[in-house]
1. Which of (1) exposed (fewer than 12 other Cβ atoms within 10 Å of the Cβ); (2) closer than 30 Å to ALA2 by Cα does GLY86 not meet, given it meets every other one?
2. Can you pull out the residues in the range 25-82 that are in contact with a Gly (Cβ under 9 Å, 6 or more places away or on another chain) and basic (Lys, Arg)?
3. Go through the range 1-49 and count every residue that is closer than 16 Å to VAL76 by Cα, of a type in the set (S, T, N, Q) and either exposed (fewer than 12 other Cβ atoms within 10 Å of the Cβ) or at pLDDT below 95 (or both).
4. Identify, by number, the condition in (1) within 30 Å of THR130 (Cα to Cα); (2) surrounded by 15 or more Cβ atoms within 10 Å (Cβ to Cβ) that ASP74 doesn't meet.
5. Filter the range 21-50 down to residues that are part of a helix (DSSP H, G or I), in contact (Cβ under 8 Å) with a residue 24 or more places away in the chain and in contact with a strand residue (DSSP E or B) (Cβ under 8 Å, 6 or more places away or on another chain) and give me whichever is farthest from ILE111 (Cα to Cα).
Amino acid sequence: MAITTPQQNKETVLEAFETLFNKRDYETARHFWSDTYIHQSAHIAPGRDGLFDLIRSLPGTLRYENQVIVAEGDYVIAHGRFSGHGLPAAWIAADIVRFEDGKLAEHWDVIENEAAQADSVSGLPMFGDTFPA
């Protein structure tokens with residue numbers, strides 16, 4: 001049983017997301033996600049293969065950018081942007097990951113379309129310091 005620190009878990013999430021979403025290196029990505037991975041999402045088929053199949057179905061232009069990442073114990077929350085998926089607006093997501101034995105074992109997400117400046121009642125961007133072009 002691998003014991004990891006919150007800092008190691010944050011680094012692993014960022015490396016795993018880079019490997020799967022940006023590099024599309026499925027073989028290497030298998031080493032980050034548990035064989036018994038649970039995805040608590042209504043729009044993704046079960047297990048690690050369900051997630052990988054979803055990514056395979058999206059355009060090769062898909063990109064993940066992280067803005068903030070925090071961890072406590074076996075949990076990591078990453079606030080980021082998914083762009084290049086072929087839809088009009090990027091997705092802003094809070095991804096919550098639970099670690100087990102040093103691997104991503106369970107995941108929840110909260111996703112919404114990134115608002116343009118004209119649509120932002122607060123007048124603030126949802127990601128970074130500027131609105132999308």
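1. (2)
2. Of everything in the range 25-82, those that are in contact with a Gly (Cβ under 9 Å, 6 or more places away or on another chain) and basic (Lys, Arg) turn out to be ARG63, ARG81.
3. Number of matching residues: 4.
4. Evaluating ASP74 over (1) within 30 Å of THR130 (Cα to Cα); (2) surrounded by 15 or more Cβ atoms within 10 Å (Cβ to Cβ) leaves (1) as the failure.
5. Restricting to residues being part of a helix (DSSP H, G or I), in contact (Cβ under 8 Å) with a residue 24 or more places away in the chain and in contact with a strand residue (DSSP E or B) (Cβ under 8 Å, 6 or more places away or on another chain), the top hit is ASN22.
The values are calculated or read from the model by the stated rules, or taken from the named source; none is laboratory data. Note that the coordinates shown come from a computational prediction; the quantities given were computed from them, not determined experimentally. Virtual Cβ from ideal backbone geometry, glycine too; neighbours counted across all protein chains shown.
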